[in-house]
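The values are calculated or read from the model by the stated rules, or taken from the named source; none is laboratory data. Since the structure is predicted, the reported quantities are computational estimates derived from the model, not experimental observations. Heads up, the Cβs are rebuilt from the backbone with ideal geometry, glycines too, and the neighbour counts pull from every protein chain shown.
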Amino acid sequence: MGEAPFAPVPALRAWRSRPPDGVALELGAVHGELRIARDGCVRLRVASGALPPDRAAALGREPWSAARVEPFERDEGGVALAFEGPQGAVCVEVAPQPFGVRVLDRAGVVLAELTDFALASDGRARVALRAGARDRFFGFGEKSGPLDQRGRRLRMRNQDPDVRLDRDPLYLSIPFFLRLASTRAGRRADGVLLDVPAPSRFDVAASHPERVGMETDAGGLELLVFPGPSPADVLRRYSAWTGRAPRPPRWALGHHQSRWSYASEQEVRRLAAEIRRRRLPTDAIHLDIDHMDGFRVFTWHPKRFPDPKGLVRDLATAGFRLVCFVDPGVKADPQWSVFRDGVEGGHFCRTRDDRVFTLKVWPGDAALPDFARSETRRWWADQHRPLFEVGVAGILNDMNEPAGWRRELRIGRRVVPLRGQDLSGVEQADPADPTRRLPHEHLRNAYGHLECRATREAFERFAPERRPFVITRSGFAGIQRWAAVWTGDNLSTWSHLRLSVRMLLNLSLSGVPLCGADIGGFALPCSSELYARWIQIGALYPFARTHSMWGKRQEPWRFGRRVEAIARAALELRMRLLPYLYGLCCEAEASGAPPWRPLFWHFPDDEPAADVDDQVLIGPSLLAAPVLTRGVRERQVYLPPGTWFGFDDDSRWVGPRRITVHAPLERLPLFVRGGSVLPTQSPVLHEGARPEEPLVLQVFPGADFQGTHEEDDGESLAYRAGRVARTALRLFDRAGGRLRLEIGTREGTHAIPPRLLRIVVHGCPPPLRVTCDATLLSPGADAPGWRWGEGRLEVRLPDAGTPRCLEVEPAP
Ligand code: GLC
């Protein structure tokens, strides 16, 4: 069957106000709708015939906060809408012929111009965004290739690429990009989301340098434009629509150790004991598919895992949580209750001729739950009972593109898949109207997304007092609401190590703050040197998990003593930084800003910063320049404008400049921005252990600083009701020749017992005077008191949550 031809969208015939926030557009047989949100975000829907039912709620979009607008007829024809409020201001103009939409800011500067609208009668649609020849394009979810995706042709269709991460598409699709435009007034960012779960394509200025083409396979067009001007503004608006990642349980930020598979209780116990014996900080152990009985999801293998409850209990005593793999494929075994139940309840995807569809995957033929139905999501959530009953702490959703195969070879327990399953005849419910059925392909990119929604429901059902921890391989725009993301099956190669940095940056810019790649690489043998370099940067991934395929061993001690020590140091660094990393997750929850940021995030007007794709800002203060090449023992680092300190030696530079730093195998070049107060703690073996020093504020002078340090119980949802401890931190770099650190009153109802606070001022000459609340502190003494040595001033103070003002003279 041939595809229906595209026809340009006809001229605007009429418009009608659609109070309070928009206008309905009539374009012959085409209908459109334009709306403005109070934060200045613009939503445009266009389709042949009637607009399809609104799937926003089903996809988990946040409630639209409608602006109040009065559409008006333009002198040149067409219609315009304008809105100005405290959270945003925007004007939208619709040109009648040819039909086009322009989004402008309050000064009349065009932010986004959409042209060349065309539709086909089968629901396919396309549109183009005009672009500047020097605009750069980031985001697009999980993509290989360069950080700036200009010049690429991208496909969005979730699929398992079979360890070929250089392919496109991959497991997860987020049809969103952040554009960094160069204007006369400086750099400006905005964002565009093609909010359609059917497969789509982007021509990122590949065919024409001043045009981004977008095309979807079904469902017409649904576009959202998120004005900037800064990248942070764009992500704030994008996440106001697609949702924000709730703060994870604090343990989930520790290191996770995984393997396909730790396949018996004894093996897991041995692993846990070994990790602790070797003093390698780790918080979670993952159970891949071999914990199941015949790959029946939600079961335990009776011989290999006879007492999962006992296992969870013993692991907890040693400070480990257990994370279990859950695949969507339900073994088509009529003897098994989950399958029978699913069939009876009508929970599985069906073929066009109304049979339960099965595909080949680990358990053999397996049925796929139709997560587009809310009833099925509820049913799926219920099936998790056996996992929660034994105390599993986290769920990993794998194979949820969904992946399956055409044929397979079986060698013992091992399956060699021949990929390329055909799902063309499969149907699902329309999530906006479950009485209607749609081809699976129309909802393809939302399959894993909605599975994660169901998994989250399982936590709400069985562990309502706990913060969920879900991690997924597949997903769609907005996945961050429900799950963290890992980038699937990579290879133990230097190029995949390098790729992980760019991929995680673009995922972060696509609204997914908690993301990581398999540390050490999933398939192929990993060399000692590669593992060392990988764990160094991997320990700073937002989500840090070592995972590997069967046939190889990738625990930190498998690479010799030297590399084990490197891994230990990397993981200890993560634990030291935990208060900072956790704070970044709280920030992501509040504003959508991801922990991992490309340099241009904080330095949009610095020309060279936009080209840097092998360095990462971790929050506003840390800059990592990992070694990503074999045999390399020094590397060039670009330092953006401002003062920078070497993290481990306090060496000091003033950017912008390029420096060459020494990077022996033991060293990850890491820098701190001058004008930072970094909350840290002393290292612990797992998050639940009590650090010797629970709060060490690392002060790096060089500029003023303002921030908030947030603490809570790390595990429950009580923080939502105000059970937090929030402390404002302000640094005045040169207040009358002194350095002043103001620690605000601790706010919120999370109680912290009296403790000792250590403050370290880096790059500090021997002080003449150190005062706290205008009282002179004496050197050498215990708290309160100070010590100086090797360019560092250390102040110890009792901390009961009362405000403090520390002054050091002279200012460093
Ligand atoms: C998939 C996953 C991988 C997992 C394997 C077996 O390939 O991406 O992480 O180990 O399946 O479950």
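Among the strands (runs of 3 or more DSSP E) confined wholly to the stretch 221-331, which include 3 or more residues that are modelled with pLDDT of 95 or more and away from the ligand (no atom under 16 Å from the Cβ)?
By residue number, 221-227.
From the list ARG796, ARG740, ARG787, exactly one residue is surrounded by fewer than 16 Cβ atoms within 10 Å (Cβ to Cβ), in contact with a strand residue (DSSP E or B) (Cβ under 9 Å, 6 or more places away or on another chain) and in a strand (DSSP E or B). Which is it?
Values: ARG796 fails: surrounded by fewer than 16 Cβ atoms within 10 Å (Cβ to Cβ); ARG740 fails: surrounded by fewer than 16 Cβ atoms within 10 Å (Cβ to Cβ).
When all the criteria are applied, what remains is ARG787.
Identify, from the list ALA517, ALA544, the residue that is within 16 Å of the ligand (Cβ to nearest atom), in contact (Cβ under 8 Å) with a residue 60 or more places away in the chain and under 18 Å from HIS255 (Cα atoms).
On inspection, the qualifying residue turns out to be ALA544.
Could we say that LEU81 is crowded, with 21+ Cβ neighbours inside 10 Å and closer than 30 Å to GLN421 by Cβ here? Even if it seems obvious, please write down each step before you answer.
Working: crowded, with 21+ Cβ neighbours inside 10 Å: yes; closer than 30 Å to GLN421 by Cβ: no.
No; evaluated as a whole, the condition is false for this residue.
Looking at GLU451, GLU401, which one is at pLDDT 95 or above, of a type in the set (Asp, Glu), within 15 Å of the ligand (Cβ to nearest atom) and assigned to a loop (DSSP other than H, G, I, E, B)? Walk me through it before giving the result.
Working: GLU451 fails: assigned to a loop (DSSP other than H, G, I, E, B).
Going through GLU451, GLU401 in turn, just one is at pLDDT 95 or above, of a type in the set (Asp, Glu), within 15 Å of the ligand (Cβ to nearest atom) and assigned to a loop (DSSP other than H, G, I, E, B): GLU401.
For the stretch 686-700, name all the residues that are surrounded by 20 or more Cβ atoms within 10 Å (Cβ to Cβ) and touching a Pro at 6+ places or on another chain (Cβ under 7 Å).
LEU695, LEU697
Restricting the stretch 332-341 to residues that are over 19 Å from ARG410 (Cα atoms) and not in a helix (DSSP H, G or I), which is nearest to the ligand (Cβ to nearest atom)?
Among residues in the stretch 332-341 that are over 19 Å from ARG410 (Cα atoms) and not in a helix (DSSP H, G or I), the one nearest to the ligand (Cβ to nearest atom) is TRP336.
How many residues are within 16 Å of the ligand (Cβ to nearest atom) and assigned to a helix (DSSP H, G or I) if we restrict to the stretch 547-567?
Residues in the stretch 547-567 being within 16 Å of the ligand (Cβ to nearest atom) and assigned to a helix (DSSP H, G or I): 0 in total.
Could you count how many residues in the stretch 96-130 are out of contact with any Phe, Trp or Tyr (no Cβ under 6 Å at 6 or more places or on another chain) and either part of a loop (DSSP other than H, G, I, E, B) or in contact (Cβ under 8 Å) with a residue 40 or more places away in the chain (or both)? Spell out how you get there, then give the answer.
Let us first name the residues in the stretch 96-130 that are out of contact with any Phe, Trp or Tyr (no Cβ under 6 Å at 6 or more places or on another chain), namely 96-98, 100-116, 119, 121-126, 128-130.
Narrowing the set further to residues that are either part of a loop (DSSP other than H, G, I, E, B) or in contact (Cβ under 8 Å) with a residue 40 or more places away in the chain (or both) leaves 96-98, 101, 103, 105-109, 111-112, 114, 116, 119, 121-126, 128-130.
Residues in the stretch 96-130 being out of contact with any Phe, Trp or Tyr (no Cβ under 6 Å at 6 or more places or on another chain) and either part of a loop (DSSP other than H, G, I, E, B) or in contact (Cβ under 8 Å) with a residue 40 or more places away in the chain (or both): 24 in total.
Every residue, every condition in (1) buried (at least 18 other Cβ atoms within 10 Å of the Cβ); (2) without any contact (Cβ under 8 Å) to a residue 60 or more places away in the chain; (3) of a type in the set (Val, Ile, Thr); (4) under 30 Å from ARG247 (Cβ atoms), yes or no:
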site: GLY702; (1), (2), (3), (4): yes, no, no, yes
site: ALA725; (1), (2), (3), (4): yes, no, no, yes
site: GLY736; (1), (2), (3), (4): no, yes, no, no
site: ARG746; (1), (2), (3), (4): yes, yes, no, yes
site: GLY763; (1), (2), (3), (4): yes, no, no, no
site: PRO767; (1), (2), (3), (4): yes, yes, no, no
site: THR802; (1), (2), (3), (4): no, yes, yes, yes
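Give just the number: which of (1) in contact with an Asp or Glu (Cβ under 8 Å, 6 or more places away or on another chain); (2) at pLDDT 95 or above; (3) surrounded by fewer than 19 Cβ atoms within 10 Å (Cβ to Cβ) does ARG385 not satisfy?
(1)
Could you list, in sequence order, the residues of the stretch 251-267 that are closer than 16 Å to ASP288 by Cα and either out of contact with any strand residue (DSSP E or B) (no Cβ under 6 Å at 6 or more places or on another chain) or basic (Lys, Arg) (or both)?
Listed by number, the residues that qualify are ARG259, TRP260, SER261, TYR262, ALA263, SER264, GLU265, GLN266, GLU267.
Select from the stretch 479-497 the residues that are within 10 Å of CYS452 (Cβ to Cβ) and assigned to a loop (DSSP other than H, G, I, E, B) and write down the one among them that is farthest from the ligand (Cβ to nearest atom).
Across the stretch 479-497, the extreme among qualifying residues is TRP482.
Based on what the data block shows, is THR643 closer than 25 Å to PHE543 by Cα and not aliphatic (A, V, I, L, M)? Write out each step before concluding.
Numbers: closer than 25 Å to PHE543 by Cα: no; not aliphatic (A, V, I, L, M): yes.
Judged against the criteria, THR643 is not a match.
What pairs come out if I take residues in the stretch 151-163 that are under 14 Å from MET214 (Cα atoms) and touching a residue at least 40 places away in the same chain (Cβ under 8 Å) and pair them with residues that are basic (Lys, Arg) and surrounded by fewer than 18 Cβ atoms within 10 Å (Cβ to Cβ) whose C-beta lies under 9 Å away, six or more apart or interchain?
So the pair list comes out empty.
When you look at ASP433, is it among the charged types (D, E, K, R) and within 15 Å of the ligand (Cβ to nearest atom), yes or no?
Values: among the charged types (D, E, K, R): yes; within 15 Å of the ligand (Cβ to nearest atom): no.
Taking the combined requirement at face value, the residue does not satisfy it.
Checking SER500 against (1) in contact (Cβ under 8 Å) with a residue 60 or more places away in the chain; (2) farther than 30 Å from GLY219 by Cα; (3) in a helix (DSSP H, G or I), which single condition isn't satisfied?
That leaves (1) as the condition not met.
Restricting the search to the stretch 553-594, which residues are of a type in the set (D, E, K, R) and over 20 Å from the mean Cα position of the chain (by Cα)?
First pass over the stretch 553-594, keeping only residues of a type in the set (D, E, K, R): 553, 555, 558, 561-562, 564, 568, 572, 574, 576, 587, 589.
If the condition is that a residue be of a type in the set (D, E, K, R) and over 20 Å from the mean Cα position of the chain (by Cα), then ARG553, GLU555, ARG558, ARG561, ARG562, GLU564, ARG568, GLU572, ARG576 are the ones that fit.
Can you work out which of the residues in the stretch 616-643 that are out of contact with any Ser or Thr (no Cβ under 8 Å at 6 or more places or on another chain) and without any contact (Cβ under 8 Å) to a residue 40 or more places away in the chain is nearest to LEU514 (Cα to Cα)?
By that ranking, first place goes to GLY619.
Looking at the stretch 587-599, is at least one residue of a type in the set (S, T, N, Q) and either within 16 Å of the ligand (Cβ to nearest atom) or free of Cβ contacts under 8 Å to residues at least 12 places away in the same chain (or both)? If you could, list the steps in order and put the result at the bottom.
Here is the first cut: in the stretch 587-599, the ones of a type in the set (S, T, N, Q) are 591.
From what's left, either within 16 Å of the ligand (Cβ to nearest atom) or free of Cβ contacts under 8 Å to residues at least 12 places away in the same chain (or both): none.
Scanning the stretch 587-599, I find no residue that is of a type in the set (S, T, N, Q) and either within 16 Å of the ligand (Cβ to nearest atom) or free of Cβ contacts under 8 Å to residues at least 12 places away in the same chain (or both), so the answer is no.
Can we say LEU396 is within 16 Å of the ligand (Cβ to nearest atom), crowded, with 24+ Cβ neighbours inside 10 Å, in a strand (DSSP E or B) and not aromatic (Phe, Trp, Tyr)?
yes
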